[in-house]
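Chemist: I'd like to ask some things about the structure below.
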Amino acid sequence: MSEERGRGFTTRAIHGAVPPPIEQIPASVPIYQTSTFRFDTSHDYAETISFRKPGYTYTRGYGNPTLLAFERVMSDLEGTQSAFSFASGMAAMHTVFTTLAATGDRIATSNELYGGAFSLFTKVMPRYGIEVTFVDPHDLDAVAGALPGAAFFYVETIANPNVTVADLEAIGALCRASGVPGVVDNTFASPALCNPSTHGFEFVLHSATKYVGGHHDLIGGVVCCSQEGMGRVRDTVLETGGTMAPFEAWLCMRGLMTLEIRMQRHSSNAMQLARFLEGHPKVERVHYPGLPSHPDHGVARRELGGGMFGGMMAVEVAGGVEGGMRFCDALEVGWVATSLGGVHTLVGHAASTTHRQLDPEARRRAGIADGLVRVSVGLENVEDLIEDFARALEKA
Ligand SMILES: Cc1ncc(COP(=O)(O)O)c(C=O)c1O
């Protein structure tokens, strides 16, 4: 470039935007909306991309300051050394599974699972030559029997659709005794209610789409684990992708700031709604771990903190499949929608949606009543929810 000629318009437009250095700490972590980071020298680039020198290389898998800030707060809240963020809960699950198990291995898992996890085990893992054994997580002898030789054991803290609560203390002890890593999906509980790492679980997964985000406005996932475990997970994801984007990490951090307060309100709304529904003549059964009638109430009292039982419940509405669907359709404050864990109350009729592949007999065996409706209790005023549910039950 000659001295008399300044750089052209577009060059200045491209190179002129540099973050001004600031001395203060902003209240909100900046969103580093960048895919890549510049190096002073090729040597620095080579050292950093090999993780021999700290720094940032590429947002997919190699890290980004906004992702790191989210991962740090998440690992602190789960009580683990480290964490790694993903584009979705399913991406987190797939990465952990394929990090811990390879062709010829066998995975042992609870049979009470989110449908996506069930499909990953039954449709995708066999394609990789990985065998999967399913056991009842409440039958500790069955869990102990499935562990020897397994690549890992997988369980959900609170499981779909009947919100059963796994005894993580007992299962964690069995895993440790067998030398089998414990992997847990802590999505329904959130770190505000339960920290499975205290029971020896080595990988704690979340669909951050749910309570972590909390507002039904993002898709994300996160795995909390040791530093060594994070390095192994990262080695997989560097080649497979599926990492979180900076804006989603920012939304998750914003969500986490109010997680405990939201869980208090989710739990108190759910408890009041569950008590109302339990006495209603159009309701055959309410599944909510906060109710003494729930089979895992004792485990839930021990395992879930702060006297909270979360916002998830399942309600068996009288009138079979039609009764359950009519009830959902009649709700106004509660929305018919997939997902859970956000500010809005969401409902879904299991037999016609998440469990539609099962015939009535198979559904009964899986404990899914024809009129079963899963409810993610939101943060609305509880009087409005009770009034809405009462009105909809009259029409069911
Ligand atoms: C318990 C549980 N785990 C994992 C997932 C998958 O998460 P995502 O939808 O973020 O991929 C879901 C989704 O509903 C879920 O309910």
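Chemist: Given Gly341, Gly306, Gly310, which one is at pLDDT below 95 and under 22 Å from Leu259 (Cβ atoms)? Please lay out each step first, then the result.
Modeler: Working: Gly341 fails: at pLDDT below 95; Gly310 fails: at pLDDT below 95.
Checking each option against the conditions leaves just Gly306.
Chemist: Look at Ala83 and say whether it is among the hydrophobic types (A, V, I, L, M, F, W, C), touching a Gly at 6+ places or on another chain (Cβ under 8 Å) and either without any contact (Cβ under 8 Å) to a residue 60 or more places away in the chain or crowded, with 17+ Cβ neighbours inside 10 Å (or both). Please lay out each step first, then the result.
Modeler: Values: among the hydrophobic types (A, V, I, L, M, F, W, C): yes; touching a Gly at 6+ places or on another chain (Cβ under 8 Å): no; either without any contact (Cβ under 8 Å) to a residue 60 or more places away in the chain or crowded, with 17+ Cβ neighbours inside 10 Å (or both): yes.
No; evaluated as a whole, the condition is false for this residue.
Chemist: Is there a residue being in contact (Cβ under 8 Å) with a residue 60 or more places away in the chain, in a helix (DSSP H, G or I) and either within 25 Å of Ala117 (Cβ to Cβ) or touching a helix residue (DSSP H, G or I) at 6+ places or on another chain (Cβ under 7 Å) (or both) anywhere in the range 340-352?
Modeler: No, the range 340-352 contains no residue that is in contact (Cβ under 8 Å) with a residue 60 or more places away in the chain, in a helix (DSSP H, G or I) and either within 25 Å of Ala117 (Cβ to Cβ) or touching a helix residue (DSSP H, G or I) at 6+ places or on another chain (Cβ under 7 Å) (or both).
Chemist: Looking at the range 326-336, can you tell me whether even one residue there is part of a strand (DSSP E or B), without any contact (Cβ under 8 Å) to a residue 24 or more places away in the chain and of a type in the set (A, V, I, L, M, F, W, C)? Steps first, answer last, please.
Modeler: Restricting attention to the range 326-336, the residues satisfying the condition of being part of a strand (DSSP E or B) are 335-336.
So of that shortlist, the ones also without any contact (Cβ under 8 Å) to a residue 24 or more places away in the chain come out as 335-336.
Imposing the further condition that a residue be of a type in the set (A, V, I, L, M, F, W, C) reduces the set to 335-336.
Yes - at least one qualifying residue is present in the range 326-336.
Chemist: A follow-up question, please. Taking the residues in the range 204-252 that are of a type in the set (Gly, Ala, Ser), surrounded by fewer than 21 Cβ atoms within 10 Å (Cβ to Cβ) and under 23 Å from Gly79 (Cβ atoms) as candidates, determine which candidate is farthest from the ligand (Cβ to nearest atom).
Modeler: Narrowing the range 204-252 to residues of a type in the set (Gly, Ala, Ser): 207-208, 213-214, 220-221, 226, 229, 231, 241-242, 245, 249.
Now drop any that are not surrounded by fewer than 21 Cβ atoms within 10 Å (Cβ to Cβ), which leaves 226, 231, 241-242.
Those left that are additionally under 23 Å from Gly79 (Cβ atoms): 226, 231.
On the way: Ser226: 21, Gly231: 23 Å.
That would be Gly231.
Chemist: Report yes if some residue within the range 116-130 is touching a residue at least 40 places away in the same chain (Cβ under 8 Å) and either within 12 Å of the ligand (Cβ to nearest atom) or within 24 Å of Gly229 (Cβ to Cβ) (or both); otherwise report no.
Modeler: Of the residues in the range 116-130, the ones touching a residue at least 40 places away in the same chain (Cβ under 8 Å) are 117.
From the residues that got through so far, the ones that are either within 12 Å of the ligand (Cβ to nearest atom) or within 24 Å of Gly229 (Cβ to Cβ) (or both) too are 117.
Yes, the range 116-130 has at least one match.
Chemist: When you check Gly279 against the structure, is it out of contact with any helix residue (DSSP H, G or I) (no Cβ under 9 Å at 6 or more places or on another chain) and either farther than 16 Å from Leu346 by Cβ or not basic (Lys, Arg) (or both), yes or no? Show your work before the answer.
Modeler: Working: out of contact with any helix residue (DSSP H, G or I) (no Cβ under 9 Å at 6 or more places or on another chain): yes; either farther than 16 Å from Leu346 by Cβ or not basic (Lys, Arg) (or both): yes.
Criteria met by Gly279.
Chemist: If you don't mind, another one. Of the numbered conditions (1) touching a Leu at 6+ places or on another chain (Cβ under 6 Å); (2) within 16 Å of the ligand (Cβ to nearest atom), Ala151 fails exactly one; give the number of that condition.
Modeler: (2)
Chemist: Go through the range 154-191 and give me each residue that's more than 16 Å from the ligand (Cβ to nearest atom), in contact with a Leu (Cβ under 6 Å, 6 or more places away or on another chain) and assigned to a loop (DSSP other than H, G, I, E, B).
Modeler: Within the range 154-191, Val180 is the sole residue that qualifies.
Chemist: Hey, another quick one. Give me the pairs: first residue in the range 249-269 and of a type in the set (Phe, Trp, Tyr), second residue outside any helix (DSSP H, G or I), beta-carbon distance under 7 Å, and six or more apart or on different chains, which are they?
Modeler: Trp250/Val29; Trp250/Ile31
Chemist: Hey, among the residues in the range 361-396 that are closer than 17 Å to Val283 by Cα and free of Cβ contacts under 8 Å to residues at least 60 places away in the same chain, which one's farthest from the chain's Cα centre (by Cα)?
Modeler: Once the filter is applied, the top-ranked residue is Glu387.
The values are calculated or read from the model by the stated rules, or taken from the named source; none is laboratory data. Since the model is a prediction, treat every value here as computed from it, not as a measurement. Please note: Cβ atoms are built from the backbone with ideal geometry, for glycine as well, and neighbour counts cover all protein chains shown.
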